[in-house]
Amino acid sequence: MVMEIHKQFIQKSNNFEIIATAGSGTEAVELASATQPDVMLLDIYLPDMDGLSVLKKLRALNVPTDIILITAARDAASIQEAFRYGAVDYIIKPFKYDRLKKALDTYSKMIDSLGANDQFSQEQIDLLSTVYPPKETAASSSFDDITDLPKGLNKLTLRQIVVYLLKQTDAKSAEEVAEGIGLARVTARRYLEFLENIDKVKLEVQYGSVGRPVNRYRPIQ
């Protein structure tokens, strides 16, 4: 059922053709090795092995296929491992068609650009990023000097929060950040308070007519 929905999504795109589908990790490895598609949509949760194991096997076999992971796994370890082994995007279920379309369109543009040029400038390479859009990559680079994190915080989650905040046009509360990224509210608050303490975000207190004031955070660029 899920596979059929994904197929329908892909068939809406004019730039991609489905050449094979697999119902297990073993079958995915065999088909990818035989057909070597440009890109594969890969779920982490499979009947016989997890998708990250499939990704590792494909890399060990030097299969030249790019991977877009589609999964319900939100934990930092899975996300970090996926990108470490070369996933070009990571989509969390449930998702809307627009999110998959964005991933496919971005990937298509990257492939077109690689095929149209022999040499690249740094600016052109930055535009190839499929994980962070160019505007967000450039802006978030000002946060890359943050290295000494408190115990319990990790750089991947910190970057997710920074990129999320940079996308917003107004200040966001810890609850809104938590919902936008898929974190616990208390976790989001810890990261935001840390960023405020090192002068990377500005705290704006919003007072309403009733109830407690709401702390909102805006990145300092």
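Structural remarks
- Angle between the chain longest axis and helix 185-197 axis [Cα atoms, degrees, rounded to 10]: 60
- Inter-label distance, Asp75 to Asp98: 3.2 nm, where each label sits 7 Å from its Cα along the C-beta direction.
- Residue pairs, from the table Lys56/Lys167; Lys96/Lys151; Lys12/Lys102; Lys96/Lys155, whose Cα atoms sit over 23 Å apart: Lys56/Lys167; Lys96/Lys151; Lys96/Lys155
- Computed FRET value (nearest 0.05) for Arg59 with Asn117, which takes r as the C-beta separation and R₀ as 22 Å: 0.30
- Between the Cα long axis of helix 97-116 and the first principal axis of the chain there is an angle of about 70°, rounded to the nearest 10.
- Crossing angle, helix 25-35 versus the chain [Cα axis fit, 0-90 degrees, rounded to tens]: 60
- For the pair Gln168 and Asp48, label points projected 7 Å from Cα toward Cβ lie 4.5 nm apart.
- Given R0 = 22 Å, the distance between the Cβ atoms of Val186 and Lys151 translates into a calculated FRET efficiency of 0.90.
- Shape category assigned to the chain from the gyration tensor of Cα positions, a/c cut at 1.5: prolate
Taken together, the values in this text are just the output of simple stated rules run on the coordinates, not laboratory data. On a predicted model such as this, the values are computed, not experimentally measured, just so you know. Positions of Cβ are backbone-derived with ideal geometry, glycine not excepted, and every protein chain shown enters the neighbour counts.
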